[in-house]
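The values are calculated or read from the model by the stated rules, or taken from the named source; none is laboratory data. What you see is a predicted model, and the numbers here were worked out from it, not measured in a lab. Neighbour counts run over all protein chains shown; Cβ positions are idealised from the backbone, glycine included.
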Amino acid sequence: MTRLLQVQSINVAYGDIQALWDVSFEADAGEIICIVGANGAGKTTLVRTISGIIHPRDGKIAYDGEDITYMATYDILAKGIAHVPEGRQLFHDMTVQENLDLGAFSKEAKKQFRQSLNKVFAMFPRLEERKYQVAGTLSGGEQQMLAIGRGLMSIPKCIMFDEPSLGIAPNLVEQILAVVQQIAREGITIILVEQEVKKALKISNRGYVIESGRLVMRGKSQELLADPDFQRAYLGL
């Protein structure tokens, strides 16, 4: 069986400073894969490399059986990999609707624009209420909803979330993670980088732990949650 996403032995550096060392993982359709690690471990570098913002020194990234290792970011997005970045990176001077419009980047996404927009508004009614409001005036939680909605407008088969709970009210974290589960139930693969480690692993299928740019643990999420070494290092138990 061909994995939807395969990352094979990638090494990534910023100039002379290596950030990822021989990292490999895979994901199937509809899986939620959780990437765990301390700040600066290389999690954001990993998702930025998959989305083509950074290119690895060597190794291979395959998506739906096709080599995308050195493709441009817009080509990777058009093929079905969306990236909801850390800090959301919205266009703050543009309206909610205009930000969503920009998410429908590819020809196929443009064809399905109305259907995708209705889906986003059904998932996040607050965005429809505020569609003419400037994005920079939204709350942190509303901005995260908008960032997710913008990603969904590209009709992806895979979405990478980089710290979706960062900077939002605690009562909204559960809502955002529930949305992640809902998206996965529709058959979309999720790569989830999340500071709320326990909550993220509880909704995911498998987890990978990065330390100093290297994968040091991997396994089914429930097995990681039960591992004493993992509990001491990442759950404070």
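So how many residues does the stretch 208-221 have that are under 12 Å from Lys198 (Cα atoms) and exposed (fewer than 14 other Cβ atoms within 10 Å of the Cβ)?
Going through the stretch 208-221 one residue at a time, the tally reaches 0.
In the stretch 192-232, what count of residues is obtained for those that are at negative phi and not in a helix (DSSP H, G or I)?
Residues that pass the stated criteria total 20.
Of everything in the stretch 57-102 that's buried (at least 21 other Cβ atoms within 10 Å of the Cβ) and either among the charged types (D, E, K, R) or over 18 Å from Ile148 (Cα atoms) (or both), which residue is nearest to the chain's Cα centre (by Cα)?
Per the criteria, the residue is Arg88.
Looking at the stretch 39-53, can you tell me whether even one residue there is over 17 Å from the mean Cα position of the chain (by Cα), in the same structural domain as Phe230 (by TED's automatic domain parsing), touching a residue at least 40 places away in the same chain (Cβ under 8 Å) and under 19 Å from Gly219 (Cα atoms)?
Taking every residue of the stretch 39-53 in turn, none turns out to be over 17 Å from the mean Cα position of the chain (by Cα), in the same structural domain as Phe230 (by TED's automatic domain parsing), touching a residue at least 40 places away in the same chain (Cβ under 8 Å) and under 19 Å from Gly219 (Cα atoms).
Name the residue that is surrounded by the most Cβ atoms within 10 Å (Cβ to Cβ), counting only residues in the stretch 103-131 that are in a helix (DSSP H, G or I) and in contact with a Phe, Trp or Tyr (Cβ under 8 Å, 6 or more places away or on another chain).
Per the criteria, the residue is Leu127.
Go through Gly52, Gly40, Gly30 for me and flag whichever is modelled with pLDDT of 95 or more, outside any strand (DSSP E or B) and out of contact with any strand residue (DSSP E or B) (no Cβ under 6 Å at 6 or more places or on another chain).
Result of the check over Gly52, Gly40, Gly30: Gly52.
Only one of these conditions is not met by Gln6: (1) surrounded by fewer than 17 Cβ atoms within 10 Å (Cβ to Cβ); (2) under 24 Å from Lys220 (Cβ atoms); (3) in contact (Cβ under 8 Å) with a residue 40 or more places away in the chain. Which number is it?
Tallying (1) surrounded by fewer than 17 Cβ atoms within 10 Å (Cβ to Cβ); (2) under 24 Å from Lys220 (Cβ atoms); (3) in contact (Cβ under 8 Å) with a residue 40 or more places away in the chain, Gln6 fails exactly one: (1).
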